[in-house]
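Shown next, in structure tokens, is the structure this report addresses.
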Amino acid sequence: MKSLAELGTIRESMKDCVNLRIDEHAVAPKKGARAHVLVCGGTGCTSSSSQKIIDEFEKQLATNGLAEEVQVIKTGCFGLCALGPVVVVYPEGAFYSMVQVEDVAEIVSEHLAKGNVVSRLLYEETVTDDGIKSLYEVDFYKKQRRVALRNCGVIDPENIEEYIAVDGYQALGKVLTEMTPEEVIEVIKDSGLRGRGGAGFSTGMKWMFTARADGSNGKYVACNADEGDPGAFMDRSILEGDPHAIIEAMAIAAYAVGADTGYVYIRAEYPIAVKRLQIAIDQAKEMGLLGDHIFGTDFSFNLELRLGAGAFVCGEETALMTSIEGHRGEPRPRPPFPANKGLWQKPTLLNNVETYANITQIINNGAEWFKTIGTEKSKGTKVFALGGKIKNTGLVEIPMGTTLREIVEEIGGGIPNGKQFKAAQTGGPSGGCIPASLIDIEIDYDSLIEIGSMMGSGGLIVMDEDTCMVDIAKFFLEFTVDESCGKCTPCRVGTKRMLEILDRITKGNGCLEDLDRLEELADSIKSTALCGLGQTAPNPVLSTLRYFRDEYIAHVVDKKCPAGVCKDLVSYSIVADKCKGCGICAKNCPVGAISGQIKSPFTIDPAVCVKCGVCMGKCPFKAIVNK
Amino acid sequence: MSEKTVIAFHETAEQAAALQKVIENHKGQDGALIPVLHEAQEIYGYLPIEVQQKISEGLGVTMAEIYGVVTFYTQFSTQPKGEFKIGVCLGTACYVKGSGDILEKIKEKLGIDVNECTPDGKFSIDATRCIGACGLAPVMTINDDVYGRLVPEDIEGILAKYM
């Protein structure tokens, strides 16, 4: 790539094609396909066989003689993972959900050949009396604002020309030909962008510190794509859906801080993201958007992938760098900070995937534009991976300051099966719970810290009345104990002791003093552990103790688990009034603990019962309770 | 649960040549060890001590360092895996939706524990971290096949497909 003009030529030649999907008034381009079939190729939809659907589309289009007129495109995540596999047909923008391979023939013969949208397969929320409404008007998307995810589900991530058509590499060209490194840093600083990996440090400041460090022996930029928080998958979705946005942003960052080499440290558990990112790097190299003398300037930049190997602690910045260097991923004390001594003791800039995903937009639209989104101290948007007990599981991007209620009730569609919302967990093993009483909280970095949770990388797990908060705290501690690297004592030994106490409590052997012991241990670990993993490990326990202390007390004093989860504290019984005496429970009981006469109430023998819960699931009259 | 079976190390000439090539490709690179271990595990399916020794000699890295790295990262295994690798996701979203019960059911059906392999070398079980298919929770994988929205009753039928 020698010049911006060359980039412009590619953009213009592709624009009509991609516009068909973006602009609802677009007319079909003179050359190229008249209709586009977008099939989600994110991990969620791929898991529900979207590749087979793509193959079937290609087969059916060929049989119907439409192969030339209709283009099939595999995109990144649309966000509505609960409804996968997802297929969208343009120019109509018809959103087909939960598509099966058998449905493809009908979509081709009816919709694509004759222009009749197949109503029965449409996402029901998009169906109106007089046709279909745009996907972006349904509850799930209405309150979202897509900045980091703007190209996910729109372009083909394996085709660099489609990325260029949506203004890709424009920001890099602008930076290299019109701006000094200092000006770039000033824009990022002014935008108020904060690190999306969780801690929320000012991105511009980080860039400035790295730029100022002595780079005479080399300097690096790195991308943290080691998304280890269970339940968080936004970084993966960005890499799968828009890998070039990360490459472009890293090149901009390298120019700003004075680096010439970059590394993306990515989880090996994300094979699709690894593959697409590698394809994107190869394409960018081939076009001269990576390599020497980019856009004919003196700026050169090379980018390499490094695969993680399944260690959560490697998401911590110093551990990540130790791992790239080829060692056990153990953290090291800070200072010195990576901005001064990072990879191989040289100054290194490390940002998270989602942070990078915002950069090109800030450069193209300006800091002022970015500042119009969000709250006073948290600018822009945040992507959350919505999971757990919620109807619309998937990926959502919301302006900072959106309330939890809007996320759960409107975007998320509420709790399934008529259950009650109990809490939302953010920040994974480092975060905490937001109880139902705080559902109207406006979510940003500072509000979450205030209530004892944290933004974290963006996992948002919804819990209902059937979730035991003590059990959840134990689950997260098991995770930290397992993932503690063992380097410092507070984390290695302290979290283990906390887990033992929690284990005791869930087995009915706890006492009230245990709660004080938990808090005391938590305080010591928080103030003495070496890295972020240890310092935040007690948070799930502290926050559940803060908001659900009554549940802990029920476990230690009454020896009961109110949610009916902790097996040792639960006993199953049959409510005689509701039991019709059908005997289904007795037939299904694996240990023969249920007995009785047909047509009169059955009973469970607690001495034999193994508390597996099968009977409860099978009873047609909901006559079995576990309290 | 079953006794741990020790499977002796065997390698083919192709495997040895492939590893040699990997070592040559990476030799002298900064931070070469982890990429080499990834590729070696692709070739052999696991990283027995014999393979670690070859890498040690090839890259000039001490055995202590290599063993330390291999045992630090959960993706590296010193035990062979089954022909069909079962992974049960224990990420938060799956856990909240009952993946613990799914794992119990698989353990019960196969008679082996997590990180073990059936004596016939057919199945092995891993409890995996979040694989990011949270929309389909609870999720399990068997090699490249993904099964989502599971209930314990599904397990028998799914395993039968691979028997």
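Any read-out appearing in this document is the output of simple, stated calculations on the displayed coordinates, not a laboratory observation. Treat the numbers as computed from the prediction; the structure is a model and nothing was measured. Every residue, glycine among them, receives a Cβ derived from its backbone with ideal geometry; neighbour counts consider all protein chains shown.
Taking the protein assembly as shown as the region of interest, what is the percent of Cα-Cα pairs per 20 angstrom bin, listed from the shortest bin to the one with the maximum distance? Percent of Cα pairs in each bin: 15, 48, 32, 5, 0. When the pairs A:LYS206/B:LYS27; A:LYS285/A:LYS382; A:LYS74/A:LYS371; A:LYS74/A:LYS206; A:LYS559/B:LYS97; A:LYS206/A:LYS389 are compared against a 27 Å limit on Cα-Cα distance, A:LYS206/B:LYS27; A:LYS285/A:LYS382; A:LYS74/A:LYS371; A:LYS74/A:LYS206; A:LYS206/A:LYS389 fall above it.
Relative contact order for segment A:360-457: 21 percent, from Cα pairs under 8 Å spaced at least 6 residues apart, divided by residue count. Note on segment A:571-627 and segment A:137-195: Cα centroid distance 58 Å, given to the nearest whole angstrom. Arranged from fewest to most other beta-carbon atoms within 10 Å of their beta carbon, B:GLU153, A:GLU158, B:GLU104, A:GLU317 become B:GLU153, B:GLU104, A:GLU158, A:GLU317.
For chain A, what is the mean residue ellipticity at 222 nm derived from helices alone (per DSSP H run of n ≥ 4: -39500 (n - 2.57); sum divided by total residues; nearest 500 deg cm²/dmol)? Present the calculation step by step, with values, prior to reporting the outcome.
Values: 23 runs with 225 residues, N = 627.
Taking each H run of at least 4 residues, the total per residue is -10500 deg cm²/dmol.
Given their separation in residues at 0.36 nm each and the Cα-Cα distance between them, A:SER202 and A:ASP482 gain 97.7 nm when the chain is fully extended. Annotation: amide H-H contacts under 5 Å for A:ILE434 (H modelled 1.01 Å from N, sequence separation of 5 or more, or interchain): A:ALA424, A:GLN425, A:THR426.
Take every Cα pair under 8 Å in segment A:448-531 that's 6+ residues apart, average their separations, divide by the length, and report that relative contact order as a whole percent.
On the way: 45 pairs, mean separation 21.6, N = 84.
Once divided by the residue count of segment A:448-531, the mean separation gives 26 percent.
What fraction of the DSSP beta bridges in the protein assembly as shown is antiparallel, stated in percent and rounded to the nearest 5?
The answer is about 55 percent antiparallel.
Would you list A:THR177, A:THR355, A:THR467 from fewest to most Cβ contacts within 10 Å? Write out the running numbers ahead of the final one.
Working: A:THR177 13, A:THR355 26, A:THR467 21.
Exposure proxy ranking, most exposed first: A:THR177, A:THR467, A:THR355.
Taken as entire DSSP H runs, the helices of chain A that both span 18 Å or more between Cα atoms along their own long axis and average -0.5 or more on the Kyte-Doolittle scale are A:4-22, A:243-257, A:271-286, A:353-365, A:469-483.
Ranking of A:SER527, A:SER447 by neighbouring Cβ atoms within 10 Å, starting from the fewest: A:SER527, A:SER447.
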